[in-house]
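> Handing you this structure, nothing more for now.
The values are calculated or read from the model by the stated rules, or taken from the named source; none is laboratory data. Because the structure is predicted, anything quoted here is derived from the model rather than measured. As a convention, Cβ positions derive from the backbone with ideal geometry for all residues, glycine included, and neighbour counts pool all protein chains shown. Keep in mind that these areas ignore ligands, DNA and RNA; they rest on the heavy atoms of the full protein, side chains included. Shrake-Rupley method; radii C 1.70, N 1.55, O 1.52, S 1.80 Å.
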Amino acid sequence: MANSTDPLIISFGEMLIDFVPDTAGVSLAESYAFIKAPGGAPANVACAISKLGGNAAFIGKVGDDEFGKLLVDILKQNKVNTDGVCFDTGARTALAFVTLRKDGEREFMFYRNPSADMLLKESELNMGLIQKAKIFHYGSISLISEPCKSAHLAAMKKAREAGALLSYDPNVRLPLWPSDDACRSGIKSIWNEADFIKVSDDEVKFLTQGDSEKEEVVMSLFHDKLKMLLVTDGEKGCRYFSKNFKGRVSGFSVKPVDTTGAGDSFVGAILTAVAKDPSIFEDESKFREALSFANACGAICTTQKGAIPAIPTVSQAQEFISSSKAK
């Protein structure tokens, strides 16, 4: 478990309730019952960091309702600092209905018009907490509308001034944006601020409108300030690109039940490793080891429903690695 003196990693953004059909491979219309699961990518990352022995905090807003209280309780149960969480009395906690197709991939339907997370104001930010961050992690959903967008930009600025490493996982969710173009330009509007970026192969394809397998297409997303660009390729593993080295690390083959949170589990593992030893960006063998561990965390996360409950601990991940053969 993390000690409060360990480097602090803050996740900023949305936390919501995912409703997952109790039967895999059916559409929302065909589903009779749903399992309620805590979710929201930045919150998943915070729980992953804490479960993996890191020091995590979450900053965001939920509704002053039963679901909002449940989510904050789940953060606390997972030893995530909640000093930056606010409650909105006028808006509900966001809901997402997530279908699991037969291949384990997801389709989303969101209820947030507006939801509490969209209403976080700059004046509500816990700036004292942000100033303690060694890593400040965020997505792009908090950029979609005001006032949350301004709060997001102000939090990033404060974290940067405090010397934090900025970590970005855009998490493309097209149904939430007015258009594909608005999504692309919104995501790219803060692209060059990040020190560390993780994207999926599908997101590379969406952002570049090119072939995500081609190195020159991926490298078109690289910028001068960037220490590391990671591309996740599902069960095939991941690719990494830095100024000094690049390569691929194999994934692990599992039977996916629900891919929700797999990328967040992967990100949590990498950020925990970087917080403990920032020099791994310069050490390829150490970084590859961290990526293999992160791939294992992502793979394990797909083997049960719901993101946060499926995130492994260090011992679970190590056990899985020793009993699996990397592909």
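> Give the distance, in whole Å, between the Cα centre of region 252-309 and the Cα centre of region 24-61.
Taking the Cα centre of region 24-61 as reference, the centre of region 252-309 is 15 Å away.
> I've got another one for you. Would you please report the Å³ per residue occupied by the convex hull of the alpha carbon atoms in region 98-244? If you can, show how the numbers build up before the last one.
On the way: hull volume 19.0 nm³, N = 147.
Dividing the Cα hull volume of region 98-244 by its residues yields 129 Å³.
> Oh, and also: Counting only other residues whose beta carbon sits under 12 Å from that of Asp283, what net charge do I get with K and R as +1, D and E as -1? Before the final figure, lay out each step's value.
On the way: positive: Lys286, Arg288; negative: Asp277, Glu282, Glu284, Glu289.
With Lys, Arg at +1 and Asp, Glu at -1, the net is -2.
> Something else now. Convert 4 °C to kelvin, take the viscosity as 1.567 mPa s, use the Kirkwood radius over C-alpha pairs of region 56-172 as Rh, and evaluate the Stokes-Einstein diffusion coefficient in µm²/s, rounded to a whole number. It would help to have the intermediate numbers written out before the result.
Numbers: Rh = 15.1 Å.
D, rounded to a whole number, is 86 µm²/s.
> Over its Cα atoms, what ratio of radius of gyration to 2.2 N^0.38 Å does the chain give?
Scaled against compact globular proteins, the figure is 0.91.
> While we're looking at this one, here's another question. Starting from the 7 Å offset along Cα-to-Cβ, what nm value, one decimal, do you get for the label separation of Met127 and Ala154?
0.8 nm
> Follow-up. Per residue, how much accessible area does the chain have with a 1.4 Å probe, in Å²?
Values: 13720 Å² over 327 residues.
Value for the chain: 42 Å² per residue.
> Additional query: Can you give the extra length, in nm with one decimal, that the chain gains between Val314 and Leu28 once fully stretched, where that is 0.36 nm per residue apart less the Cα-Cα distance?
Here the segment from Val314 to Leu28 would lengthen by 99.5 nm.
> Order the peptides 297-309, 10-22 from the highest to the lowest mean number of other Cβ atoms within 10 Å of their residues.
By packing density, highest mean first, the sequence is 10-22, 297-309.
> Here's another thing I want to ask about it. Which trypsin sites (Lys or Arg not before Pro) from region 18-119 combine a DSSP loop assignment with at most 12 other Cβ atoms within 10 Å?
In loop regions of region 18-119 (DSSP not H, G, I, E or B), the sparsely surrounded trypsin sites (Lys or Arg not before Pro) are Lys102.
> Kindly provide the pair-distance distribution of region 12-75 built from C-alpha pairs, with 5 Å bins from 0 and whole-percent values in order of increasing distance.
Cα pair-distance distribution for region 12-75, in percent: 4, 17, 23, 19, 15, 13, 7, 2, 0.
> Contour minus end-to-end for Ala162 and Ser324, with contour as 0.36 nm per residue of separation and end-to-end as the Cα-Cα distance?
Once the chain is fully extended between Ala162 and Ser324, it gains 54.2 nm.
> Please list the non-local residues whose amide H lies under 5 Å from the amide H of Asn171, H modeled 1.01 Å from N, same-chain partners needing a gap of 5 or more.
none
> Along region 255-267, what does the Karplus equation 6.51 cos²θ - 1.76 cosθ + 1.60 (θ = phi - 60°) give for ³J(HN,Hα), rounded to whole Hz, x for Gly and Pro?
8, x, 9, 7, 7, 4, x, 4, x, 6, 5, 4, 5
> What is the P(r) of region 247-317, as percent of Cα-Cα pairs per 5 Å bin from 0?
That works out to 4, 19, 27, 24, 15, 8, 4, 0, in percent per bin.
> For region 1-122, max minus min Cα coordinate along each principal axis, in Å, sorted largest first?
Largest first, region 1-122 extends 49, 34, 20 Å along its Cα principal axes.
> Okay, helix-only estimate at 222 nm for the chain: each DSSP H run of n ≥ 4 adds -39500 (n - 2.57), divide by all residues, round to 500 deg cm²/dmol; what do you get?
The helix contribution divided over the chain gives -10000 deg cm²/dmol.
> Let me ask something else about it. Starting from the Cα of Lys286, step 7 Å along the direction of its Cβ; do the same at Phe87; then give the gap between the two resulting points in nm.
4.3 nm
> To continue, here is another question. Normalised by the empirical 2.2 N^0.38 Å for globular proteins, what value does the Cα Rg of region 44-92 take?
Cα Rg divided by the expected 2.2 N^0.38 Å: 1.13.
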